[in-house]
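Encoded as structure tokens, here's the structure I'll be asking about.
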Amino acid sequence: MAEKAPGGVQSVERVFELLELITDAGGDVTLSELSSSTDLPLPTIHRLLRTLVSLGYIRQLPNRRYALGPRLIRLGEGANKQLGALAQPQLKILVDRLGRPPIWRCWTPTW
């Protein structure tokens, strides 16, 4: 788990830890896999996951695994738009200096 921020809210830190663990595991995990990856007590993990399921940020699959939910897409899209807005002025400077149009590519790791 990342180092705790002073004055932070413990339950929020825990939720993001779980979301990151699920993401790192490829998008879906079992409750026991999460429990072995964190120091959180199993009942705490279950309670946090139930809350995330009820909000749509996590889904419980028929095989009882937990997967990232569709509401996370909206958050990611919002962050992506902000990043694009931040990058656009810098990209314009590069285009002006190089005299070439930008070509956007998405890098995907191959490992």
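Take the residues in region 16-33 that are over 20 Å from residue 70 (Cβ atoms) and touching a residue at least 12 places away in the same chain (Cβ under 8 Å), then tell me which one is surrounded by the most Cβ atoms within 10 Å (Cβ to Cβ).
Here is the first cut: in region 16-33, the ones over 20 Å from residue 70 (Cβ atoms) are 17, 30-33.
From what is left, the residues that are touching a residue at least 12 places away in the same chain (Cβ under 8 Å) are 17, 30-31.
Working: 17: 19, 30: 14, 31: 15.
Ranking the qualifying residues of region 16-33, first place goes to 17.
How about region 36-54: which of its residues are within 17 Å of residue 23 (Cβ to Cβ) and not small (Gly, Ala, Ser)?
The first filter runs over region 36-54 and keeps only residues within 17 Å of residue 23 (Cβ to Cβ), leaving 36-38, 40, 45, 48-49, 52-53.
Residues satisfying the conditions are 38, 40, 45, 48, 49, 52, 53.
Something else about it: Within region 18-44, track down each residue that is closer than 21 Å to residue 75 by Cβ and not acidic (Asp, Glu). Steps first, answer last, please.
Taking region 18-44 and keeping what is closer than 21 Å to residue 75 by Cβ, we get 18-29, 34.
Those that are closer than 21 Å to residue 75 by Cβ and not acidic (Asp, Glu): 18, 19, 21, 22, 23, 25, 26, 27, 29, 34.
Of the residues that sit in region 55-72 and are charged (D, E, K, R) and within 15 Å of residue 23 (Cα to Cα), which one is modelled with the lowest pLDDT?
71
Same structure again: Report, by residue number, each residue of region 1-47 that is out of contact with any strand residue (DSSP E or B) (no Cβ under 9 Å at 6 or more places or on another chain) and hydrophobic (A, V, I, L, M, F, W, C).
Selection gives 1, 2, 5, 9, 12, 15, 16, 25, 40, 42, 45.
All but one of (1) in a helix (DSSP H, G or I); (2) surrounded by 10 or more Cβ atoms within 10 Å (Cβ to Cβ); (3) free of Cβ contacts under 8 Å to residues at least 24 places away in the same chain hold for residue 59; state the number of the condition that does not hold.
(1) is the only condition that residue 59 fails.
Let me ask something else about it. Considering only region 24-76, state which residues are in contact with an Asp or Glu (Cβ under 9 Å, 6 or more places away or on another chain) and hydroxyl-bearing (Ser, Thr, Tyr).
Within region 24-76, 37, 38, 66 qualify.
With the requirement that a residue be assigned to a helix (DSSP H, G or I) and either of a type in the set (Ser, Thr, Tyr) or exposed (fewer than 11 other Cβ atoms within 10 Å of the Cβ) (or both), what does region 34-54 give you? Spell out how you get there, then give the answer.
The initial filter retains those residues of region 34-54 that are assigned to a helix (DSSP H, G or I), namely 34-37, 42-54.
Selection gives 35, 36, 37, 43, 44, 51, 54.
The values are calculated or read from the model by the stated rules, or taken from the named source; none is laboratory data. Model, not experiment: these values are computed from the prediction. No Cβ is skipped: glycine too gets one built from the backbone with ideal geometry, and neighbour counts run over all protein chains shown.
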